[in-house]
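Participant: Would you mind keeping the following structure in view while I ask a few things?
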Amino acid sequence: MTTQFTSAPPTAEATRKARRRPEDSYAARGTRPGFLWALPATLFFTLFAIAPLIMVAVLSFMSWNGLGSPEFVGTDNWKRILDDPVMIRSIWLTLLLTALGVVLQTPLSIVLGVWAAGHQRNRAVLSAVYFIPLLLSATAVSVLWRALLDPNFGIPARMTWLFGDGNLFGEQATAIGVLAFVSTWQFTPFHTLIYQGAARAIPPVLYQAAEIDGAGRFRQFFHITLPQLRNSVVTSMILMIVGGLTTFETVLILTQGGPGTDTTISAYYMYQKAFKGFDFGAGAAIALCLVIAATIVSLIVVRVSGYDKMRSDMEGVS
């Protein structure tokens, strides 16, 4: 007695999959999707970024107090802000705060991000607590620290042995230190999250090979982890630089540019010119200067780091 086995006829779904050729996918063809896929994002970016930027550029050559019709004044606004000593000083203060942010946040974020990517005990709970500042707005964080550092009722008033008279906002050095500290406290968790994801993407085989060769944790960190985080370091630094150049709420709530003009950065000076002095032409010129400066610095970072030449999808591999 013999038994014959007959296969069931293929279903419509199986037939459709069989007929589908590999070259039908974008990945197999090595090409990118058409422009229509990017059209919604392009329209959104044009409407809410490019168009306002063009309007600001045009307004920088106008004289307008918020009422009536703008009047064309040529380059008068640009001449006034370039000859303004407060504006020149605000540029240096902006660069100083930006540099402090990069210097403080980068190493701290890398160390915390690499640690958060591990499998230590209670790591998830501690990471969740540490990321709480990331959930708060810059205004809420500034109001919180303004209350905590109040010279009359805050922490400095109760710890005069450490803070002296308790007025951390009364001198330029301490006021800048407070601004740098608050920005670091708020934004370090964000950059930590970037490094955490990048550290988890590093192939474990690299660490296994290093252990076989006798490399300890420190050598693995400096010779494997840091080089593999190269792309993320560049991305994080660009975000820090752009964020530092456009910092506004922290200065507005904590110091209001004081004492005097000792913490008046460019973004806050733009606010003073446009919305307090009703000189929207000069304010637009300052805003355009910030856009140009952020673009130039970001391009320099990309060029110097070689980020524009990286083609691999693997983290840190060019």
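The values are calculated or read from the model by the stated rules, or taken from the named source; none is laboratory data. This structure is a prediction, so every number in the text was calculated from the model and none was measured. Cβ: placed from backbone, ideal geometry, glycine included. Neighbour counts: every protein chain shown. Side chains are part of the model used for accessible areas, which takes the heavy atoms of the whole protein and leaves out ligands, DNA and RNA. Shrake-Rupley method; radii C 1.70, N 1.55, O 1.52, S 1.80 Å.
Participant: Let me confirm something: among L148, L126, which residue is touching a helix residue (DSSP H, G or I) at 6+ places or on another chain (Cβ under 7 Å) and exposed (fewer than 15 other Cβ atoms within 10 Å of the Cβ)?
Facilitator: After ruling out the rest, the residue left standing is L148.
Participant: Out of all the residues in the stretch 262-272, which are assigned to a helix (DSSP H, G or I) and either touching a residue at least 60 places away in the same chain (Cβ under 8 Å) or under 11 Å from N65 (Cβ atoms) (or both)?
Facilitator: S266, A267, Y268, Y269
Participant: Follow-up question, since we're still on this one. Run down G154, G166, G243, G214 and say which single residue is on the phi > 0 side of the Ramachandran plot and buried (at least 16 other Cβ atoms within 10 Å of the Cβ).
Facilitator: One residue alone meets the criteria, G166.
Participant: Within the stretch 39-98, count every residue that is farther than 30 Å from I176 by Cβ and either without any contact (Cβ under 8 Å) to a residue 40 or more places away in the chain or not in a loop (DSSP other than H, G, I, E, B) (or both).
Facilitator: 29
Participant: Let me ask something else about it. Which ones in the stretch 58-74 are of a type in the set (A, V, I, L, M, F, W, C) and modelled with pLDDT of 90 or more?
Facilitator: V58, L59, F61, M62, W64, F72, V73
Participant: Still on this structure, I have one more. Determine, yes or no, whether R89 is open to solvent by 70 Å² or more (accessible area, probe 1.4 Å) and modelled with pLDDT under 90.
Facilitator: No, not satisfied.
Matching residues to (1) among the acidic types (D, E); (2) surrounded by 16 or more Cβ atoms within 10 Å (Cβ to Cβ); (3) more than 25 Å from the chain's Cα centre (by Cα); (4) under 18 Å from Q186 (Cβ atoms):
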{"position": "S69", "(1), (2), (3), (4)": "no, no, yes, no"}
{"position": "F72", "(1), (2), (3), (4)": "no, no, yes, no"}
{"position": "P85", "(1), (2), (3), (4)": "no, no, yes, no"}
{"position": "T94", "(1), (2), (3), (4)": "no, yes, no, yes"}
{"position": "L97", "(1), (2), (3), (4)": "no, yes, no, yes"}
{"position": "Q105", "(1), (2), (3), (4)": "no, yes, no, yes"}
{"position": "V114", "(1), (2), (3), (4)": "no, yes, no, no"}
{"position": "R121", "(1), (2), (3), (4)": "no, no, yes, no"}
{"position": "S142", "(1), (2), (3), (4)": "no, yes, no, yes"}
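Participant: Does A28 meet the test of being of a type in the set (G, A, S) and modelled with pLDDT under 90? Let's see the steps before the verdict.
Facilitator: Numbers: of a type in the set (G, A, S): yes; modelled with pLDDT under 90: yes.
For A28, the condition - of a type in the set (G, A, S) and modelled with pLDDT under 90 - is met.
Participant: Related question: Is it the case, given these coordinates, that S109 is surrounded by 18 or more Cβ atoms within 10 Å (Cβ to Cβ) and within 16 Å of the chain's Cα centre (by Cα)?
Facilitator: Criteria met by S109.
Participant: How many residues does the stretch 136-172 contain that are under 21 Å from I241 (Cα atoms) and out of contact with any Leu (no Cβ under 9 Å at 6 or more places or on another chain)? Steps first, answer last, please.
Facilitator: As a first pass, look at the stretch 136-172 and keep what is under 21 Å from I241 (Cα atoms): 136-139, 141-142.
Now narrow it down to the ones that are out of contact with any Leu (no Cβ under 9 Å at 6 or more places or on another chain): 137-138, 141.
Residues flagged as under 21 Å from I241 (Cα atoms) and out of contact with any Leu (no Cβ under 9 Å at 6 or more places or on another chain) within the stretch 136-172 amount to 3.
Participant: How do the pairs read when you match residues in the stretch 154-168 that are within 18 Å of V143 (Cα to Cα) with residues anywhere that are among the β-branched types (V, I, T), using Cβ under 8 Å and keeping only pairs 6 or more apart or on different chains?
Facilitator: G166/T160; L168/T174; L168/V178
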